[in-house]
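Peer 1: This is the structure, below, for whatever I ask next.
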Amino acid sequence: MESRIFLIGFMGSGKTTQGSALARKLGYRFVDMDRLIEERAGMSIPEIFSEQGEEAFRKWECDLLMELCRIDCLVVSTGGGAPCHDDMIGIMNEHGCTIYLRLSPRALRERLVHSKTERPLLGDRTEDELLDFIEKLLAEREAYYLKARYTVDGTNLQTDRLVRLIREDL
Ligand code: S3P
């Protein structure tokens, strides 16, 4: 079985929820990249974006990924933008099994409007504007997300589906 599992996908696709459940089922350690970056930076993601800028946040992601690629028996939930810069998707594919949790723009909006997590990229948009934003950004990002080893439908996803996928993976 692959020693490192990376869950990738758009904001709100369920990477953190699925990742922690998956790690528990596999007996693997779980790391949520955003939470670990916040801990280390001593500030929240919105604060990193406003005080250090997005570039600095992307550097945090890159450095952390290199470190995680040296740890075994690990499930990682990545930030939505992580696979889309500095060939991070290539690095993840080299060091583990990548799974893209795919949802439609409407399903993502539904989740994001009800989410309590503050996401600096989303800003203060109406629901119509939010859908438009998701459609555009997802269209750009799918080129990276679809490089994952597996793409799974993220709607009503049961964690056991991921467990089976990983166990049967050769
Ligand atoms: C981002 C997604 C967020 C977080 C940051 C930037 C993105 O993570 O890393 O706000 O660029 O899509 P989630 O996907 O966990 O919301």
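The values are calculated or read from the model by the stated rules, or taken from the named source; none is laboratory data. Source: prediction; values computed, not measured. So basically every Cβ, Gly included, is an ideal-geometry build from the backbone, and we count neighbours across all protein chains shown. Areas reflect the complete protein model, heavy atoms only, side chains present, ligands, DNA and RNA absent. Shrake-Rupley method; radii C 1.70, N 1.55, O 1.52, S 1.80 Å.
Peer 1: Give me the accessible area of Asp160, 1.4 Å probe, in Å² rounded to the nearest 10.
Peer 2: The accessible area of Asp160 comes to roughly 70 Å².
Peer 1: If you don't mind, another one. Please arrange Arg40, Arg125, Arg24 by accessible surface area, largest first, computed with a 1.4 Å probe and ligands excluded.
Peer 2: Values: Arg40 120, Arg125 100, Arg24 175 Å².
Reading off the accessible areas and sorting them downward yields Arg24, Arg40, Arg125.
Peer 1: Please work out the FRET efficiency for the pair Asn93 and His114, using the Cβ-Cβ distance as r and a Förster radius of 41 Å; give the result to the nearest 0.05.
Peer 2: Values: r = 32 Å, r/R0 = 0.78.
Taking R0 as 41 Å, the efficiency between Asn93 and His114 is 0.80.
Peer 1: Here is a follow-up. Kindly provide the GluC sites (Glu not before Pro) of the range 100-170 that DSSP labels as loop, not H, G, I, E or B, and whose Cβ sees at most 15 other Cβ atoms within 10 Å.
Peer 2: Glu118
Peer 1: In the Gaussian network model of the chain, springs joining C-alpha atoms below 10 Å, which of Asp128, Asp63, Asp86 carries the largest mean-square fluctuation?
Peer 2: Asp128
Peer 1: Right, another one. Take the solvent-accessible surface of the protein heavy atoms, probe 1.4 Å, and return the percent of it on the chain that carbon and sulfur atoms account for.
Peer 2: On the way: 4020 of 8750 Å².
In the chain, the share of accessible area belonging to carbon and sulfur is 46 percent.
Peer 1: Further question on the same structure: Which value in Å is the Kirkwood Rh of the chain over different Cα pairs?
Peer 2: On the way: mean 1/r = 0.0617 Å⁻¹.
Its Kirkwood hydrodynamic radius stands at 16.2 Å.
Peer 1: Accessible area per residue for the chain in Å², computed with a 1.4 Å probe and the full protein assembly in place, what is it?
Peer 2: Per-residue value: 51 Å².
Peer 1: Between the alpha-carbon centers of the range 98-170 and the range 51-72, tell me the distance in whole angstrom.
Peer 2: Computed from Cα coordinates, the inter-centre distance equals 21 Å.
Peer 1: Net charge near Asp132: determine it from the other residues with C-beta under 12 Å of the C-beta of Asp132, scoring Lys and Arg +1 and Asp and Glu -1. Spell out each step's value before the answer.
Peer 2: Numbers: positive: Arg106, Arg109, Arg125, Lys136; negative: Glu127, Asp128, Glu129, Glu135.
Value of the local net charge: 0.
Peer 1: Right, next: With unit charges on the beta carbon (Lys/Arg positive, Asp/Glu negative), name the residue among Phe30, Leu103, Met1 whose Cα is farthest towards the positive pole of the charge dipole of the chain.
Peer 2: Value: Met1.
Peer 1: Still on this structure, please answer the following. Taking all protein chains together and a probe of 1.4 Å, list Tyr144, Tyr150, Tyr28, Tyr100 from the most accessible to the least accessible.
Peer 2: Working: Tyr144 85, Tyr150 55, Tyr28 35, Tyr100 0 Å².
Largest accessible area first, the list is Tyr144, Tyr150, Tyr28, Tyr100.
Peer 1: Among the lysines, which have Cα under 20 Å from the Cα of Lys25 when same-chain residues fewer than 8 positions away are ignored?
Peer 2: Excluding near neighbours in sequence, the set is Lys15.
Peer 1: Then there is this: Modelling each spin label as a point 7 Å along the Cα-to-Cβ direction, I'd like the Glu67/Val163 distance in nm, to one decimal.
Peer 2: Result: 3.0 nm between the two label points.
Peer 1: Let's test the formula: R0 of 22 Å, r as the Cβ-Cβ distance of Lys25 and Thr155. What FRET efficiency results, to the nearest 0.05? Intermediate results must be reported in sequence, preceding the final value.
Peer 2: On the way: r = 20 Å, r/R0 = 0.91.
Working from the Cβ atoms, E equals 0.65.
Peer 1: For the chain, modelled as a GNM with alpha-carbon contacts under 10 angstrom, which of Leu36, Leu101, Leu65 fluctuates the most?
Peer 2: Leu36
Peer 1: Gln52 versus Ser3, label points 7 Å from Cα toward the beta carbon: distance in nm?
Peer 2: The modelled label-to-label distance comes out at 2.8 nm.
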